[in-house]
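Have a look at the structure below, then the notes.
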Amino acid sequence: MQPAIETKKLTKKFGTNIAVNGLDLEIRKGEIFGLVGPDGAGKSTTMRLISTAMTPTSGEAVVLGFNTKTQEEEIRDRIGYMPQRFALYGELTVDENINFFAEIYGLSKAEIGPKKKELLEFTGMSKFADRRGKNLSGGMQKKLALATNLIHKPEIIMLDEPTLGVDPISRREFWRILYGLTDVTIVVTTPYMDEAERCSRIALIREGHLLNCNTPDEIKRQYGTKSLEEAFIKAIETTK
């Protein structure tokens, strides 16, 4: 089966700084894949590269069979991309925000109504449909951002540190929603090891380098540790 996303020697430089260094990844269709590492590891840059928001310095990324350098439009029609600072419109209501993004994605009025109702119920936002975006809590803003990215039924959803700055209860609720998604590949960046444990497979990244890629349990087994934090430290030590 063709992977959902494949990168080969993917590299991004900013002057003399190498943010992503020869990254080789294969992300399978239907899995929750985590890009895991501390701030500055290159997670967000990798996400921007595979979402076509940024052009690589060298190497390549193929998403759903399309090359990110030459087939950006084909990719953008098939993915949802939620950056760390998603641009919701504070003066618009939840309902109006979803309508706005649905129209951007080219959905007809006949399509918008049923899909919006489904997403509001799925994310638990139905009773907040008339509330303005600026009056939502941080957790609810994240749910709204997710709903606007799902309105066009993407095959891949890319989430860049989606729970950053959100309270623990809202973080758990957000992941409950992610687990409820079907027929979609989820790529998420996170610095939180408890969230990494929730992923099907993870890529441990540090300073733009891939340290290891496997299931959380298998990575812990490889390094003989009980926690991913300890495994990450050992992965760093073995690559020095």
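The values are calculated or read from the model by the stated rules, or taken from the named source; none is laboratory data. Because the structure is predicted, anything quoted here is derived from the model rather than measured. Note that we place each Cβ from the backbone using ideal geometry, even for glycine, and neighbour counts take in every protein chain shown.
In this structure, is THR46 modelled with pLDDT of 95 or more, assigned to a helix (DSSP H, G or I) and under 16 Å from ILE202 (Cα atoms)? Answer is yes for this residue. The residue pairs whose first member lies in region 2-17 and is among the acidic types (Asp, Glu), whose second member is crowded, with 18+ Cβ neighbours inside 10 Å, and whose beta carbons are closer than 9 Å, counting only pairs six or more residues apart or on different chains, are GLU6/LEU25; GLU6/ILE27; GLU6/ALA61; GLU6/VAL62; GLU6/VAL63. Quick check: anything in region 178-188 exposed (fewer than 14 other Cβ atoms within 10 Å of the Cβ), touching a Phe, Trp or Tyr at 6+ places or on another chain (Cβ under 8 Å), within 30 Å of GLY106 (Cβ to Cβ) and not basic (Lys, Arg)? Yes - at least one qualifying residue is present in region 178-188.
Inside region 56-74, residues that are free of Cβ contacts under 8 Å to residues at least 24 places away in the same chain and either buried (at least 18 other Cβ atoms within 10 Å of the Cβ) or touching a helix residue (DSSP H, G or I) at 6+ places or on another chain (Cβ under 8 Å) (or both) make up a count of 2. Restricting attention to region 1-35, which residues are out of contact with any Pro (no Cβ under 8 Å at 6 or more places or on another chain), β-branched (Val, Ile, Thr) and assigned to a strand (DSSP E or B)? Of everything in region 1-35, those that are out of contact with any Pro (no Cβ under 8 Å at 6 or more places or on another chain), β-branched (Val, Ile, Thr) and assigned to a strand (DSSP E or B) turn out to be ILE5, THR7, ILE18, ILE32. Scanning region 175-191 for residues that are in a loop (DSSP other than H, G, I, E, B), in contact (Cβ under 8 Å) with a residue 40 or more places away in the chain, out of contact with any helix residue (DSSP H, G or I) (no Cβ under 7 Å at 6 or more places or on another chain) and not hydrophobic (A, V, I, L, M, F, W, C) turns up ASP183, PRO191. Applying the selection to region 147-174, what residues are closer than 17 Å to SER137 by Cα, part of a helix (DSSP H, G or I) and either in contact with a helix residue (DSSP H, G or I) (Cβ under 7 Å, 6 or more places away or on another chain) or in contact (Cβ under 8 Å) with a residue 12 or more places away in the chain (or both)? Hits for region 147-174 are ALA147, THR148, ILE169, SER170, ARG171, GLU173, PHE174.
Of all residues in region 98-144, exactly one satisfies the criterion of being basic (Lys, Arg), over 19 Å from TYR81 (Cβ atoms), part of a helix (DSSP H, G or I) and touching a helix residue (DSSP H, G or I) at 6+ places or on another chain (Cβ under 7 Å), namely LYS116.
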